[in-house]
Amino acid sequence: MVPLLMTRPMEAARRFVAGLPDDLRAALQVTHAPLMEIRPRTVSLDVSSFRGVIFTSAHAVAIASRETAARRPAFCVGPHTTAVARQAGWQAECVGACAEELIDTLLSQHPPAPLLHLRGAHGRGAVAERLSDAGLPCEEQVVYDQPLLPLSEAARRLIAGPTGVIVPLFSPRTARHFASQCGDAGNLHLVALSKAVAEPLECLNFKTLRVSGAADSKAMTQAVRDAADAVSRLEGSEGAE
């Protein structure tokens with residue numbers, strides 16, 4: 001089996017692994033080593049003065065749904081966040097696979113405003129600022145923190161071992177943290193969600209670095225499959241020598 005090191009927060013990591021095709025999942029030996037924790041803030045949330053909300057993560061949906069009974073139109077990034085928002089009673093619409101697509105779609109649709117972006121303390125895209133600057137009033141409220149975690153001893157042993165290891169990485173911040181923690185990356189097959197995620201990894205002496213064809217789970221799944229095939233070929237050729 002091919003080792004797969006998952007560094008996402010546990011819920012997201014398990015969801016990604018569960019979504020892999022059966023044959024691929026069966027070929028992988030998964031080790032979970034979250035490098036980030038989702039820590040909800042105690043917030044006072046009042047959406048009554050806003051015409052809609054923006055969710056760029058399912059974490060924000062869960063917190064907002066606990067903190068207010070009000071429901072507004074919700075503009076979401078990605079099908080998973082959209083589905084979670086709908087299940088929680090929000091009038092949810094998927095308006096892009098990433099923050100850039102969300103901004104472009106909202107500026108073209110120009111829905112009733114003002115809007116409120118509910119987000120984590122660390123994020124990319126400056127969604128509220130850019131929408132407001134472009135004429136669509138939007139405010140933001142941080143509803144959770146994302147403290148970084150050290151790389152676990154199990155993960156360090158896996159990385160230091162003799163076998164190739166696949167490591168998918170989903171955010172630039174996590175990629176930077178991983179690069180600072182992992183040490184010798186000579187056996188690692190890194191898979192980055194985007195070029196921005198790949199950039200902090202380029203300083204490592206990795207075996208391979210792949211960039212997903214798109215910033216979504218389907219493309220990341222294909223990239224992980226390609227990496228698993230490459231590891232199997234390399235291990236097989238080295239064993240035959």
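All of the numbers you see were taken from the coordinates with simple rules; none came from a lab. All of these numbers come straight from a predicted model, not from anything done at the bench. Cβ placement follows ideal geometry from the backbone for every residue including glycine, while neighbour counts extend to all protein chains displayed.
Which order results if Ser217, Ser49 are arranged by neighbouring Cβ count within 10 Å, fewest first?
Neighbour counts put them in this order, fewest first: Ser49, Ser217.
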- Expressed as a whole number of Å, what is the distance separating the alpha-carbon centroids of the stretch 71-116 and the stretch 153-209? 32
- Footprinting proxy, Cys203, Cys182, Cys98: sorted fewest to most Cβ within 10 Å, the residues are Cys203, Cys98, Cys182
- Message: I'd like the chymotrypsin sites (Phe, Trp or Tyr not before Pro) in the stretch 146-230 restricted to DSSP loop residues with at most 11 other Cβ atoms within 10 Å, sorted by number.
- Response: none
- In Å³ and rounded to a whole number, note down the convex hull volume per residue for the Cα atoms of the stretch 12-51. 113
- Relative contact order of the chain, pairs being alpha-carbon contacts under 8 Å that are 6 or more residues apart, as %: 18
- Query: What's the angle, to the nearest 10 degrees (0 to 90), between helix 172-181's Cα axis and the longest principal axis of the chain?
  - Reply: 40
- What are the residues whose amide H is under 5 Å from the amide H of Val2, where those residues sit 5 or more places off or on another chain and H is modelled from the backbone? Leu28, Gln29
- Determine ³J(HN,Hα), in whole Hz, for all residues of the stretch 53-58 in sequence, where each value follows from phi through the Karplus function 6.51 cos²θ - 1.76 cosθ + 1.60 and θ = phi - 60°; x replaces Gly and Pro. 10, 10, 10, 9, 7, 5
- Message: Let me make sure I get this right: for the stretch 40-145, a, b and c are the square roots of the gyration tensor eigenvalues over alpha carbons, sorted descending. Under 1.5 in a/c it's rounded, otherwise prolate if a/b > b/c, else oblate. Which is it?
- Response: rounded
- Note on the structure: Here the longest stretch of the chain that holds no trypsin sites (Lys or Arg not before Pro) in a DSSP loop having at most 16 other beta carbon atoms within 10 Å is 125-241
- Message: As an exercise, identify the GluC sites (Glu not before Pro) in the stretch 23-111 lying in DSSP coil whose Cβ has no more than 15 other Cβ atoms within 10 Å.
- Response: Glu37
- Message: Only four residue types carry charge here, +1 at the Cβ of Lys and Arg and -1 at the Cβ of Asp and Glu. Report the dipole size of the stretch 180-241 about the Cα centre in Debye, rounded to the nearest 20.
- Response: 240
- Task: Under 17 Å from a label point 7 Å along Cα→Cβ of Leu107: give me every residue in the stretch 134-150 with its amide N that close.
- Result: 134-139
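Around Arg8, what is the net charge, scoring Lys/Arg as +1 and Asp/Glu as -1 over all other residues with Cβ under 14 Å from its Cβ?
Here the count lands on +1.
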- Query: With point charges of +1 on the Cβ of Lys and Arg and -1 on the Cβ of Asp and Glu, referenced to the Cα centre of the chain, which listed residue (Ala185, Gly52, Pro162) lies farthest in the positive direction of the dipole?
  - Reply: Gly52
- Item | Angle between the chain longest axis and helix 99-109 axis [Cα atoms, degrees, rounded to 10] | 30
- Item | Inter-label distance, nm, simple model (7 Å from Cα along the C-beta direction), Glu11/Glu37 | 1.5
- Message: Charges at C-beta only: +1 for Lys and Arg, -1 for Asp and Glu. How large is the resulting dipole of the chain about its Cα centre, in Debye rounded to 20?
- Response: 460
- Query: Using +1 on the beta carbon of Lys and Arg, -1 on that of Asp and Glu, and nothing else charged, what's the dipole of the stretch 40-145 about the Cα centre, debye to 20?
  - Reply: 340
- Between Leu148 and Arg71, how many nm apart are label points set 7 Å from Cα along the C-beta direction? 3.9
- Task: Select from Leu118, Leu35, Phe206 the residue farthest towards the positive end of the dipole of the chain; place +1 on Cβ of Lys and Arg, -1 on Cβ of Asp and Glu, and compute about the Cα centre.
- Result: Leu118
